[in-house]
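First comes the structure, then the notes that go with it.
The values are calculated or read from the model by the stated rules, or taken from the named source; none is laboratory data. All values reported here derive from a predicted model rather than from experimental measurement. Cβ coordinates were reconstructed from backbone atoms using ideal geometry, including for glycine residues, and neighbour counts include every protein chain displayed.
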């Protein structure tokens, strides 16, 4: 009887492990740990953006419309005259963020947090465009401005668009300096690498 049970168990194990030695499709290591949802609302786009930044993932760029433009705060433009804040397109954002991702050590991570700005609540039911505001804090280990663990802090005024498939993306990011903090904005932290 023992031999019959062992043979049955062995047969079941062999049949269930038919795919054991077949190669599996590997995960893209740049997206490991990133939570990504279909961007069917402006707030989901922000959640995806936060997750992609925290995961140092190129999926960050999927949050941005092809016509994306980043605008620095006027105070930053005046205070950091050696930095180039002009003509900041999706291509520039790609180059800048890709470089930032490479300076973060493998055993470290970016810490990004985007919170609803209570003085500017989200629109109740946007139809095809919306402007939302997020207070952000982004710490990038080993970066010029965040190397000591200090975050880039500010308010992101995000102009969002919905495409024909019902997916949202960021068309414009207007960076606003948070006057109550001595830390630099995201614009300044990124412009150093431009």
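Can you say whether residue 34 is surrounded by 18 or more Cβ atoms within 10 Å (Cβ to Cβ), outside any helix (DSSP H, G or I) and either at pLDDT 95 or above or touching a helix residue (DSSP H, G or I) at 6+ places or on another chain (Cβ under 7 Å) (or both), as far as the supplied structure shows? Even if it seems obvious, please write down each step before you answer.
Values: surrounded by 18 or more Cβ atoms within 10 Å (Cβ to Cβ): yes; outside any helix (DSSP H, G or I): yes; either at pLDDT 95 or above or touching a helix residue (DSSP H, G or I) at 6+ places or on another chain (Cβ under 7 Å) (or both): yes.
Spelling it out, residue 34 is indeed surrounded by 18 or more Cβ atoms within 10 Å (Cβ to Cβ), outside any helix (DSSP H, G or I) and either at pLDDT 95 or above or touching a helix residue (DSSP H, G or I) at 6+ places or on another chain (Cβ under 7 Å) (or both).
Please pick out the residue among 102, 89, 111 that is on the phi < 0 side of the Ramachandran plot and modelled with pLDDT of 95 or more.
On the way: 102 fails: modelled with pLDDT of 95 or more; 111 fails: modelled with pLDDT of 95 or more.
On inspection, the qualifying residue turns out to be 89.
Before we move on, is residue 175 over 19 Å from the mean Cα position of the chain (by Cα), modelled with pLDDT of 90 or more and closer than 22 Å to residue 94 by Cβ? Quick ask: steps written out before the conclusion?
Details: over 19 Å from the mean Cα position of the chain (by Cα): no; modelled with pLDDT of 90 or more: yes; closer than 22 Å to residue 94 by Cβ: yes.
In short, no.
For region 100-130, enumerate the residues that are surrounded by fewer than 14 Cβ atoms within 10 Å (Cβ to Cβ) and either in contact with a helix residue (DSSP H, G or I) (Cβ under 6 Å, 6 or more places away or on another chain) or under 27 Å from residue 142 (Cβ atoms) (or both).
Within region 100-130, 102, 105, 106, 107, 108, 115 qualify.
Find all pairs meeting these conditions: Cβ atoms under 6 angstrom apart; at least six residues apart or on different chains; first residue within region 169-194 and within 27 Å of residue 128 (Cβ to Cβ); second residue at pLDDT 90 or above and not in a strand (DSSP E or B).
170/63; 175/72; 175/73; 175/185; 175/186; 175/187; 176/73
I'm told residue 81 meets every condition in (1) out of contact with any strand residue (DSSP E or B) (no Cβ under 7 Å at 6 or more places or on another chain); (2) part of a helix (DSSP H, G or I); (3) farther than 20 Å from residue 167 by Cβ except one. Can you identify the failing condition by its number?
Failed condition: (2).
Can you pull out every residue in region 42-81 that is farther than 20 Å from residue 177 by Cα, touching a helix residue (DSSP H, G or I) at 6+ places or on another chain (Cβ under 7 Å) and surrounded by fewer than 20 Cβ atoms within 10 Å (Cβ to Cβ)?
Of everything in region 42-81, those that are farther than 20 Å from residue 177 by Cα, touching a helix residue (DSSP H, G or I) at 6+ places or on another chain (Cβ under 7 Å) and surrounded by fewer than 20 Cβ atoms within 10 Å (Cβ to Cβ) turn out to be 58, 59, 61, 66.
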